[in-house]
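The values are calculated or read from the model by the stated rules, or taken from the named source; none is laboratory data. This structure is a prediction, so every number in the text was calculated from the model and none was measured. Cβ: placed from backbone, ideal geometry, glycine included. Neighbour counts: every protein chain shown.
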Amino acid sequence: MKIFNLLIGQDQAIELLQQAIEKDRIAPAYLFAGASGVGKSLAAKSFAQLLMCQNINPEKHSLIRKKLVMGNHPDLLWIEPTYLHQGKMLTSKEAEEAGIKRKASPQIRIEQVRDLTKFLARPPLEASRSIVIIEDAHTMAEGAANALLKTLEEPGKATLILLAPSPDSLLTTLVSRCQKIPFYRLGDEDLKKVLQTNAYGEIANYPALLAVAQGSPGDAIFAFKQLQELPQNLLNKLMSPPKNPLESFVLGKDVSQNLSLTTQLWLIEYLQYSYWEKWQNSHLLKSLEKTRKLLLRYVQPRLVWECFFLEIQSLQSKTIPE
């Protein structure tokens, strides 16, 4: 089916979804399981389009596709994790645009599951069925997951698609009610093909970004954008260990004040690859992993980075060549 032409490197997933359509054996719920950035969202959009056009007058197909592209089709509900700010739920993008910085990660909330239930309480208005896509379903709080169970048992004239990293990241009771569609990390050629198709072919010139992405085009693009936002002078400093405590304190301050927490966490992955390529020193990798865990525990970032740079500064004279 041409609709899956843009989904590269996921032949098994495409085959399973095509068979479901061709044999008219549509499950009430699907779990698209795999790493981030490998095509789960694209597959969900494409599959939703096929499902919504099924058994509908072909003359209406173009209108359905147009509304799906614009993101305003009345029979499609796309749910993504949110922050709760002053009684209002905001997606990560909305929170960033509003300049709101949060320590905790966004999650799928029970209020969103209740909205989902209300959405499915009415029959589809224009399409053959209603579609609900839940992005990052693994972020569901326990209460939300339990509320979703009831809907999965009797979804009515609807299909739910859950996107998650793996079946293990969800409650087993949720997984048991879904047909699992596996998604895999891409090989080098497919990865570069996807990047080229999306006008990011230049990323192929950055071995460190490809290594950090580990076969995920989405992660490669995210890494590229993060790298572009890093001040060049700061990046240069990071590639050479501090030579004294004062430099460690200054660099720790620069990283914590100039970079968001999301960028700091990504930076750790980038430095792990870069430092290993440069020095082949396992102590640095362990120290970076400790730094990542401390940041995830919301320890004060400046203190975390200062301690890290002090540690590698002390290692410099012992194990790290100039």
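The table that follows gives values for the structure above.
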{"quantity": "Matching option when the condition is buried (at least 17 other Cβ atoms within 10 Å of the Cβ) and not assigned by TED's automatic domain parsing to the domain that holds VAL212, among ALA104, ALA27, ALA48, ALA98", "calculated": "ALA48"}
{"quantity": "Test result for ALA137, surrounded by 14 or more Cβ atoms within 10 Å (Cβ to Cβ) and either touching a residue at least 60 places away in the same chain (Cβ under 8 Å) or in contact with a strand residue (DSSP E or B) (Cβ under 8 Å, 6 or more places away or on another chain) (or both)", "calculated": "yes"}
{"quantity": "Residue match in the stretch 122-129 (condition: of a type outside the set (Phe, Trp, Tyr) and in a strand (DSSP E or B))", "calculated": "no"}
{"quantity": "Any hit, the stretch 172-179, residues being within 27 Å of ASP115 (Cβ to Cβ), in a strand (DSSP E or B) and in contact with a strand residue (DSSP E or B) (Cβ under 6 Å, 6 or more places away or on another chain)", "calculated": "yes"}
{"quantity": "Some residue of the stretch 44-52 being out of contact with any His (no Cβ under 7 Å at 6 or more places or on another chain), among the small types (Gly, Ala, Ser) and not in a helix (DSSP H, G or I)", "calculated": "no"}
{"quantity": "Members of the stretch 185-225 that are assigned to a loop (DSSP other than H, G, I, E, B) and buried (at least 18 other Cβ atoms within 10 Å of the Cβ)", "calculated": "LEU186, GLY215, SER216"}
{"quantity": "Residue check, LEU160 crowded, with 20+ Cβ neighbours inside 10 Å, in a helix (DSSP H, G or I) and not basic (Lys, Arg)", "calculated": "no"}
{"quantity": "Selected residue (criterion: nearest to the chain's Cα centre (by Cα)) from residues of the stretch 123-154 that are under 18 Å from GLN179 (Cα atoms) and small (Gly, Ala, Ser)", "calculated": "ALA137"}
